[in-house]
Amino acid sequence: MEGNFRIVCSSCGREYEPTSLSWRCSCGAPLDVAMSAEGLEFDTDKFRRRSASMWRYREFLPLLEENCVVSMGEGFTPLILKRLWGVELILKLDYVNPTGSFKDRGASLMISNLKALGVREVAIDSSGNAGAAVAAYSAAAGIQCRVFVPADAPIGKRVQIASYGAELVEVRGPRAEVHRAVMRELGGAVYASHMWNPFFIEGLKTLAYECVEQAGPPDATILPVGSGGLLLGVYRGFIELRKLGVIDEVPRMMAVQAAGITPVYDALHGPYGREPPRAPLADGIAIPHPPRLRQVIDAVKKSNGDAIVVEDQEIVEAFKLLARMGLFVEPTSAAALAALEKARAEGVIDKEERIYIPLTGSGLKAIEKISRTCLGLRT
């Protein structure tokens with residue numbers, strides 16, 4: 001399947017071989033996958049005869065070798081339709097993926113291709129969820145893995161990473177120091193970053209495919225944005241569906257950020273004006289300098305979307321509301337529902353619209369933080 005895609009620089013346009021292990025362009029910009037959809041059809045009848053995973057869309061994924069697929073049933077997760085604050089809400093329960101987050105989609109495709117290339121060791125820097133996903137899929141593929149995390153990352157995520165047999169490297173200091181540490185100590189490992197690797201984002205676009213197959217197209221989608229891979233992947237999926245004639249319009253991309261770390265909002269509207277928190281509640285989106293920021297802003301603008309900033313207390317209230325629905329998610333996921341309430345109150349989201357929100361991570365990953373901050377329990 002190698003012939004249906006190319007690797008291209010998102011800035012200068014330089015092309016790389018599909019088998020290249022480069023994680024960024026020589027100009028410093030991120031790399032992207034350019035897929036060819038020639039001769040392809042989004043045939044839902046055909047998909048229904050396949051396994052209930054993201055690999056039901058395999059011809060739309062940039063895969064090097066089909067016999068190297070590393071899958072644990074990720075994707076095609078349940079969704080729930082709710083009417084809330086006057087809007088029809090499509091809640092995608094992506095926290096039921098094998099490692100408890102949406103990152104399994106990207107890890108499955110990325111590790112499958114690295115396995116096809118004979119890679120024996122990978123390293124990644126992560127605030128937790130991506131590290132857990134890459135550790136798990138590396139273990140399934142028989143690839144050694146080192147995961148660099150902030151020393152104050154949630155204990156649940158650190159335990160999960162170590163349980164898969166990955167080498168856990170805890171780094172003190174800001175998130176940027178974690179990246180510097182993995183670069184210093186990379187050695188002979190391949191840098192398998194969820195922020196930089198072009199295949200990772202391609203796995204995330206299946207969230208758009210599944211929304212349309214399971215519930216039909218939404219008017220807008222609300223997505224927590226840290227590194228920006230989730231928003232870019234979902235946007236790319238909807239763009240492809242429009243080109244295939246499956247949907248008429250690309251939904252508005254609404255980027256959610258937590259007060260204190262708001263690079264997307266700042267680029268669109270000017271500084272939000274809040275100091276970064278010492279211990280972010282929504283740690284999954286606490287990325288002050290995402291490498292794909294320009295691409296995220298471009299996707300938001302082209303889709304007529306916007307950026308929404310939520311406060312910690314709004315996240316806490318959204319967490320409690322989701323929990324009362326029977327949905328136990330980590331604070332980063334709850335930030336998206338908090339943004340919906342804010343956007344609805346401010347008229348950014350209209351009544352009677354269909355809104356798609358992937359719930360991205362399990363609350364089991366942040367037990368201590370939820371106990372202390374959301375429930376007031378002593379731990």
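Multiplying the residue separation of GLU346 and ARG83 by 0.36 nm and subtracting their alpha-carbon distance yields 92.9 nm. Based on the alpha-carbon gyration tensor of the stretch 97-225 and its eigenvalue square roots a ≥ b ≥ c, which shape applies: rounded if a/c is under 1.5, prolate if not and a/b is larger than b/c, or oblate? Since a/c reaches 1.5 and a/b is larger than b/c, the shape of the stretch 97-225 is classed as prolate.
Peptides 202-210, 157-165 ranked from most to least packed give 202-210, 157-165, packing being the mean of other C-beta atoms within 10 angstrom over each peptide's residues.
For the stretch 171-276, carbon and sulfur atoms together expose 48% of the accessible surface, with a 1.4 angstrom probe and every protein chain in place. Using the rule -39500 (n - 2.57) for each DSSP H run of four or more residues, divided by the residues of the chain, the 222 nm mean residue ellipticity is -10000 deg cm²/dmol. Across the stretch 114-122, rounded Karplus estimates of 3J(HN,Hα) from the backbone phi angles (6.51 cos²θ - 1.76 cosθ + 1.60, θ = phi - 60°) give 5, 4, 4, 8, x, 5, 10, 8, 10 Hz, Gly and Pro being marked x.
For the chain, the percent of C-alpha pairs falling in each 10 Å distance bin, counted from 0 to the bin holding the largest distance, reads 5, 26, 37, 25, 7, 0.
Shown are HIS269, HIS179, HIS194, HIS289, whose ranking by accessible area with a 1.4 Å probe and every protein chain present, most to least, is HIS289, HIS269, HIS179, HIS194. Judged by the gyration tensor of its Cα atoms, with axes a ≥ b ≥ c, the stretch 273-379 is oblate; a/c meets the 1.5 cut and b/c is at least as large as a/b. Near the amide H of VAL171, within less than 5 Å, lie the amide hydrogens of VAL149, ALA151, all on another chain or at least 5 residues away, with H placed in the peptide plane.
Look at where the Cα atoms of the stretch 84-104 and of the stretch 224-268 average out, and the two centres are 15 Å apart. Once you sort the root eigenvalues of the Cα gyration tensor of the stretch 32-133 as a ≥ b ≥ c, which label holds: rounded (a/c under 1.5), prolate (a/b larger than b/c) or oblate (the other case)? Cα axes put the stretch 32-133 in the oblate bin. Surface calculation, 1.4 Å probe, protein heavy atoms: ASP43 sits at approximately 50 Å² accessible. Take every Cα pair under 8 Å whose residues are at least 6 apart in sequence, average their separation, divide by the length of the chain, and the relative contact order is 17 percent.
Amide H to amide H, with H built 1.01 Å from N, VAL329 comes under 5 Å of GLY363, counting only residues 5 or more places away or on other chains.
The values are calculated or read from the model by the stated rules, or taken from the named source; none is laboratory data. Quantities reported herein were computed from a predicted structural model and do not represent experimental measurements. Every residue, glycine among them, receives a Cβ derived from its backbone with ideal geometry; neighbour counts consider all protein chains shown. When the accessible area is computed, the model is the full protein with side chains, heavy atoms only, and any ligands, DNA or RNA have been set aside. Shrake-Rupley method; radii C 1.70, N 1.55, O 1.52, S 1.80 Å.
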